Amino acid sequence: MAHKGFPRGLLRRPIEDRLTYFKNYTMAHPNLLEVSQRITDAVRDAEAPLIFLFGPTGVGKSTVLLRVSQKMTESLLLDLESDKGRIPIVGIEAMSPEFSNFNWKDFYLRSLHALKEPFIGLSVANYGDTTQKLRMSLERALEHRRPAMFYIDEAQNLGKVASGKKLQDQTDCIKSLANLCAVKFLLVGTYELLLLRNLSAQICRRTVDIHFPRYRAESPQDLMKFRSLLQTFQSHLPVEEACLVDSWDLCYERSLGCVGILKDWLTQTLASVLRQDSVVKTITLSDLERYAPPLDKCVVMIRKICQEEKKLESPIGQRSELQIALGLDVLRAKEEVVEEEVVEEEVVKGTQAVKKPRAVGKPSAKRRPIGDGANAG
């Protein structure tokens, strides 16, 4: 029977080859496939220029970016043949500011480098590194390179400003770039990115929200998917045997249901075990426990994750507020009154329609004349 998983010849290869294989291995698990398809659909079909992708740390956002980039590049191969200057997908990481405010000059320079702008050095030499000049250079570069999507990883750093009044300016700046250059911008980050998505009515209308969730233990379906992906990881660990499936509860506990955290943990375990003994044949429960993320760090992370997940739930009070603002509560109250009146009317009519049957041969009750009938009223 053919072995499903890593090439068996890897067991005879040097340690670095085995580590490189597992580091480069990416799994198309259910949540990742769903999120990547939603991103592709939003870039292709949605009118909104901004797409927000958010989820817990270590859920696999970088991996989904890689998958989307590969798939979109493949779909544009014919167009790239005819337009050699086009770049299908471009992205940068938004750097955390050294001081209080996000550094837009740094953002523009990194974006120009990512777009392979040939005259960036000349532009800076001629005009200096003024923010406005760099912004104009970026606009021209985007119009020339025509990327289908420009992604900003760690986009929650855009929200690092000294004053809350500037938060809306941050998102408005990206939105104007997207509109002027006809390029979809994908903002990728942790749940801190939620702060930027509902700053104004216009931003709400012009954005698409995509949540990349972890696998939840309270969902039987999620647990089944998690155990299935453990089986897949186990088959791709280049050792004779691993105990991931048998230790699924520990794997879930320390990964918090996040595939990225799990992959980093398994990579560290594999590297440490192989460097201790290059001919090792198994990864045991003891190995997993030894290199697992510490409990105190896991507690800090899951507290933060749970707090942010609750923000995504739709409270009943919010729907009531929306209905009141739209006047739907008054309309519904009127409809309920009308319905009650109709029901009452039907009941009355039904009561009047019911007559007690008269006995056969018995005349109906009526007033009869007395005497000769002359005084009968």
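Here are a few things to note about the model shown:
- Computed over protein heavy atoms with a 1.4 Å probe, the accessible surface of segment 171-316 works out to 49 Å² per residue.
- Neighbours of Arg303, meaning other residues whose beta-carbon lies under 12 angstrom from its beta-carbon, give a summed charge of 0 when Lys and Arg score +1 and Asp and Glu score -1.
- A 1.4 Å probe run over segment 1-54, with the rest of the protein chains in place, finds 56 Å² accessible per residue.
- Segment 277-297 and segment 183-212 have Cα centres spaced 38 Å apart.
- Förster radius 25 Å - calculated FRET efficiency between Asp277 and Asp17 (Cβ-Cβ, nearest 0.05): 0.95
- Checking the Cα-Cα distances for Lys84/Lys105; Lys263/Lys310; Lys105/Lys297; Lys225/Lys310 against a 30 Å cut-off, the pairs over it are Lys105/Lys297.
- Share of carbon and sulfur in the accessible area of segment 144-293 stands at 48%, probe radius 1.4 Å.
The values are calculated or read from the model by the stated rules, or taken from the named source; none is laboratory data. These numbers come from a predicted model, not from an experiment. With ideal geometry, Cβ positions are generated from the backbone for all residues, glycine too; neighbour counts draw on all protein chains shown. Please note that ligands, DNA and RNA were not included when accessible areas were found on the heavy atoms of the full protein model with its side chains. Shrake-Rupley method; radii C 1.70, N 1.55, O 1.52, S 1.80 Å.
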